[in-house]
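Student: There's a structure below that I have some questions on.
Quick note: the coordinates plus some simple rules give every number you see, no bench work behind them. All values reported here derive from a predicted model rather than from experimental measurement. So basically every Cβ, Gly included, is an ideal-geometry build from the backbone, and we count neighbours across all protein chains shown.
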């Protein structure tokens with residue numbers, strides 16, 4: 001069993017050191033995680049300097065269908081609100097679990113992107129059909145990756161603030177309880193967990209759909225996204241991108257840093273940690 005400490009210093013596998021520079025750390029991220037990270041940071045920077053408005057990024061089906069603002073289908077998964085502590089923690093959270101899960105796809109970046117696309121489509125459907133009205137679905141998508149990771153690696157032992165240990169299988173439930181204890185709504189947790197469980201169950205468990213070719217990226221996506229060469233890391237059992245520092249970008253002997261959970265989305269009055277209800281349009285982002 002592996003002991004993983006959380007939060008905050010990103011820690012890598014045994015014998016692996018920190019990236020030499022921010023650029024080295026950035027380039028060590030797996031391809032899809034690096035693109036997602038870049039998009040989240042870029043939208044917040046451009047919003048902060050007034051070059052774009054969050055009102056042009058949120059999920060608005062009328063604008064998508066009748067004004068052909070197709071970018072909203074993507075940007076609603078790439079905005080974490082204003083700069084601030086919650087933004088930083090949610091960004092760390094996203095990078096940690098996205099890169100860890102992306103490694104499980106053995107360098108086939110298109111398959112991981114396809115996983116996010118399918119999860120994002122289901123989140124959009126749930127959000128619309130149930131009338132939930134969440135303008136941004138970045139946080140539920142992050143929780144989806146957390147759930148899938150916890151199912152694929154259920155026996156990782158995690159030290160929470162050095163106070164007690166929990167297994168990774170129970171980590172999503174811990175986050176759910178913590179969200180409610182902090183006065184937030186568990187809506188986005190539950191959305192992400194549900195979608196993540198549907199994906200994991202159909203791909204890994206159900207005998208009819210297990211390893212079905214549907215879960216493999218379409219050929220056009222594989223042509224669009226280049227596979228990332230991987231090499232196994234001794235002592236970890238996973239893989240890192242060849243030619244770079246391990247994607248954890250950290251130090252020490254533990255494997256996977258778990259940042260302080262944030263269940264938040266920007267909404268009127270600012271971006272508040274552990275608030276699961278999502279954005280409210282017409283207010284300040």
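Student: For a label point 7 Å from the Cα of residue 35 along Cα→C-beta, name the residues of the stretch 56-85 whose backbone N is under 19 Å from it.
Tutor: 70-80
Student: If each residue of separation counts as 0.36 nm, what is the full-extension length gain between residue 221 and residue 46 once their alpha-carbon separation is subtracted?
Tutor: Extra length available between residue 221 and residue 46 comes to 60.2 nm.
Student: Take the alpha carbon gyration tensor of the stretch 107-185, find the square roots of its eigenvalues, order them as a ≥ b ≥ c, and report rounded if a/c is under 1.5; if not, report prolate when a/b exceeds b/c, else oblate.
Tutor: oblate
Student: Based on other C-beta atoms within 10 Å, arrange 44, 138 from fewest to most.
Tutor: Listed from fewest to most nearby Cβ atoms, that is 44, 138.
Student: Moving to a separate point now. Please arrange 185, 21 by counting, for each residue, the other beta carbons lying within 10 Å of its beta carbon, fewest first.
Tutor: Ascending Cβ contact count within 10 Å gives the list 21, 185.
Student: Where a ≥ b ≥ c are the square roots of the eigenvalues of the C-alpha gyration tensor, would you call the stretch 79-149 rounded, which needs a/c under 1.5, or, failing that, prolate if a/b is larger than b/c, or oblate?
Tutor: Since a/c reaches 1.5 but b/c is at least a/b, the shape of the stretch 79-149 is classed as oblate.
Student: Something else now. Taking the Cβ-Cβ separation of residue 167 and residue 128 as r and a Förster radius of 30 Å, what is the calculated FRET efficiency to the nearest 0.05?
Tutor: Efficiency, from the Cβ-Cβ distance: 0.30.
Student: Could you line up 178, 134 from fewest to most neighbouring Cβ atoms inside 10 Å?
Tutor: Taking fewest neighbouring Cβ atoms as first place, the list is 178, 134.
Student: Another question, then. Return the whole-Å distance between the Cα centroid of the stretch 48-63 and the Cα centroid of the stretch 192-209.
Tutor: One Cα centre to the other: 32 Å.
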